[in-house]
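The values are calculated or read from the model by the stated rules, or taken from the named source; none is laboratory data. From a predicted model like this one, the values you see are computed outputs, not experimental measurements. A quick note on method: Cβ atoms are made from the backbone with ideal geometry, for glycine too, and the neighbour counts reach across all protein chains shown. These accessible areas exclude ligands, DNA and RNA; they are computed on the full protein's heavy atoms, side chains included. Shrake-Rupley method; radii C 1.70, N 1.55, O 1.52, S 1.80 Å.
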Amino acid sequence: MSDMTEQMAQTAAAMVAEGKGILAIDESLPTIKKRFDTINVESTEENRRAYRELLITAPGGEDFISGMILFDETLRQKTRDGVPFPQVMIEKGIMPGIKVDKGAKDLAGRPGEKVTEGLDGLRDRLAEYRDLGARFAKWRAVITIGDHIPTNGCIEANAHALARYAALCQEAGIVPMVEPEVLMDADNDIDVCYWATEKTLRTVFNALCDQAVALEHTILKTNMVLSGKKCPVQAGVQEVAEKTVRCLLNTVPASLPGIVFLSGGQSATLATAHLNEMNRNNDGLPWPLSFSYGRALQEPSLKTWAGNPENFGAAQAALLHREKCNSLACLGQYSDALEEAA
Ligand code: 13P
């Protein structure tokens, strides 16, 4: 193995090390503004820096978190004491990751569907990100469920872009975190989500193969198989766990080093309970199942902080609690009692 290949293998394994997961703090400027609007905080560069400092420096986070995904701006920011964020993370034993896509845009000719952009110039950007300390990179594709959608055209276009990005990452010695997200916002039942997720994952893995992406150095970040948010009948924790695992077994090659989930709008506690249920009864799975949550890790912390520097420590404690609960869920050792005790 070349040094670069060896390092990618080590990075991928470390990302999903036992009891560890990823903290996603890579919100783009429009998305972080949406989050700050919920706590009436203005999205200035300094407020974003202060909030991300809180998340990155939370003491003890390194026991549960293997890596954090940053946004371009954040990778270049520093603590109030002037230490670059990637350096802080590396000193704590947390790997810096970077979101490299340029967002989901309307897909021409396919009303209601999106395609993720950002391939132009990506080779140069990856080289710079690597120099800044990034060891893995994320690209998110969005698949929407609705009347007669998702279409093949949308799934194929997104899978192709994911595969092109993943191949460029590996060329640069960066582990791709390939993220096809089937949204949970519609009124569909869980079986429609199963169908859309299965079709999406099959198409994505075919595309990865066509673009010569080494699956041994790739991490999948995906949605759970869930009822749509607006569906009157909500599948229970056991059904979600069972259908998600079945869908993954039917679509994801065993050579992948690990799978992590996004939270996608689930409540913080439900996202933890679902992950726990999957890990409680599934000793023989070919890959570790872990978390790479944004909202489900951050929400309690964001609310506690509320833009007030005096709440810095309490907000870090709120984050740490969610990190610990999800770490236990990776081991199938989480229980509701931990929420009451908090
Ligand atoms: P959520 O967990 O909030 O869905 O975010 C994860 C993520 O990184 C989406 O790209």
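Computed values, structure above
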item	result
Conditions (1) in contact (Cβ under 8 Å) with a residue 12 or more places away in the chain; (2) more than 17 Å from Tyr293 (Cβ to Cβ): number failed by Asn276	(2)
Region 328-341: number of residues that are more than 16 Å from the ligand (Cβ to nearest atom), among the small types (Gly, Ala, Ser) and at negative phi	3
Selection count where residues are touching a residue at least 40 places away in the same chain (Cβ under 8 Å) and open to solvent by less than 20 Å² (accessible area, probe 1.4 Å), scope region 245-264	12
Residue match in region 290-298 (condition: in contact (Cβ under 8 Å) with a residue 24 or more places away in the chain, open to solvent by 20 Å² or more (accessible area, probe 1.4 Å) and not basic (Lys, Arg))	no
Residue list for region 300-317, restricted to those being of a type in the set (A, V, I, L, M, F, W, C) and within 15 Å of the ligand (Cβ to nearest atom)	Leu302
Any hit, region 122-136, residues being within 16 Å of the ligand (Cβ to nearest atom) and open to solvent by 30 Å² or more (accessible area, probe 1.4 Å)	no
Of all residues making up region 181-193, the number that are in a helix (DSSP H, G or I) and buried (at least 20 other Cβ atoms within 10 Å of the Cβ)	2
Qualifying residues in region 279-299 (those that are under 19 Å from Ala235 (Cβ atoms) and away from the ligand (no atom under 16 Å from the Cβ)) - the one farthest from the chain's Cα centre (by Cα)	Asn281
Number of positions in region 87-115 that are open to solvent by 10 Å² or more (accessible area, probe 1.4 Å) and in contact (Cβ under 8 Å) with a residue 12 or more places away in the chain	18
Condition broken by Phe64, with the remaining ones in (1) without any contact (Cβ under 8 Å) to a residue 60 or more places away in the chain; (2) open to solvent by 10 Å² or more (accessible area, probe 1.4 Å); (3) touching a strand residue (DSSP E or B) at 6+ places or on another chain (Cβ under 8 Å) satisfied	(1)
Output for region 8-30, where each listed residue is under 16 Å from Met68 (Cβ atoms), within 16 Å of the ligand (Cβ to nearest atom) and surrounded by fewer than 17 Cβ atoms within 10 Å (Cβ to Cβ)	Ser28
Criterion (closer than 19 Å to Ala161 by Cα and either away from the ligand (no atom under 16 Å from the Cβ) or open to solvent by 10 Å² or more (accessible area, probe 1.4 Å) (or both)) met by exactly one of Gln211, Gln238, Gln234	Gln211
